[in-house]
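Peer 1: Sharing a structure below in C-alpha cells format, with a few things to ask.
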Amino acid sequence: PPHFTRVPLRLTGGVSPTMGTGIPSAKMRALREEALRNQGRRCYYCLDPICLVTVTGDHKTPRANGGSTSRKNIVACCQWCNLLKGNQDADYFMRLILHPSERTPDEYHIIRARRFTTLRRILPKAAE
C-alpha cells in the first residue's frame, strides 16, 4: 500500500473551527468530546486513533444540508477525513471509502486502506 504522512492541520490567528457558524464553541466542544469517548478515541471514518488535540467534530448530515448540531448528528473524526468529507453526507462519504471505483480520487482509496489495516490490528483474529 502507498505510504503517506498526515500533516496536522493548524488553525492560526485565533480562528476557532466553529467561528462564524453560529454554534457556541462550548457546546460543540462538549459534543465532540462525548463522541470521541463513545467511539473509543478513533476517527469515525478511517478508524485512526485520535485525541483531544487532534479531534474535530463532524456533522454526519452537514448543516448546509439541514443537519443539526446534536448528539445524534455529531461524530468525532480526524482533521484529514473531516476536510475530505466537506459537505457530503456521512453515508455517501462512507460508500466512497468502502467501495471506491476506478474514478474515485486517490484519497478515498488511501482512507479505505488505512481503515482495513486498522481493522486487522484491532479486531481479534478468527479462531482457527
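Peer 1: If you stretched the chain out fully between A30 and L83, how much longer would it get, using 0.36 nm times the residue separation minus the C-alpha to C-alpha distance? Don't skip to the end; give the middle numbers.
Peer 2: Details: separation 53, 0.36 × 53 = 19.08 nm, distance 2.05 nm.
Extending this stretch completely gives an extra 17.0 nm.
Peer 1: List every residue whose amide H lies under 5 Å from the amide H of R42, counting only residues 5 or more places away in sequence or on a different chain, with H placed 1.01 Å from N in the peptide plane.
Peer 2: Under 5 Å from the amide H of R42: I50.
Peer 1: Can you tell me which aspartates and glutamates have their Cα less than 16 Å from the Cα of K72? Leave out same-chain residues fewer than eight positions away.
Peer 2: In chain and number order, the partners are E33, E34, D58, D89, D91.
Peer 1: How much of the calculated P(r) for the stretch 44-116 lies past 18 Å, in percent of all Cα pairs?
Peer 2: So the portion of pairs separated by more than 18 Å is 37 percent.
Peer 1: A further question follows. Could you compute the net charge surrounding A26? Neighbours are other residues with a C-beta less than 12 Å from the C-beta of A26; K and R count +1, D and E count -1. Write out the running numbers ahead of the final one.
Peer 2: Numbers: positive: K27, R29, R32; negative: E33.
Local net charge: +2.
Read-outs: derived from the displayed coordinates by stated rules, not from any lab. Remember, predicted model here, so these are calculated numbers, not experimental data. Cβ coordinates were reconstructed from backbone atoms using ideal geometry, including for glycine residues, and neighbour counts include every protein chain displayed.
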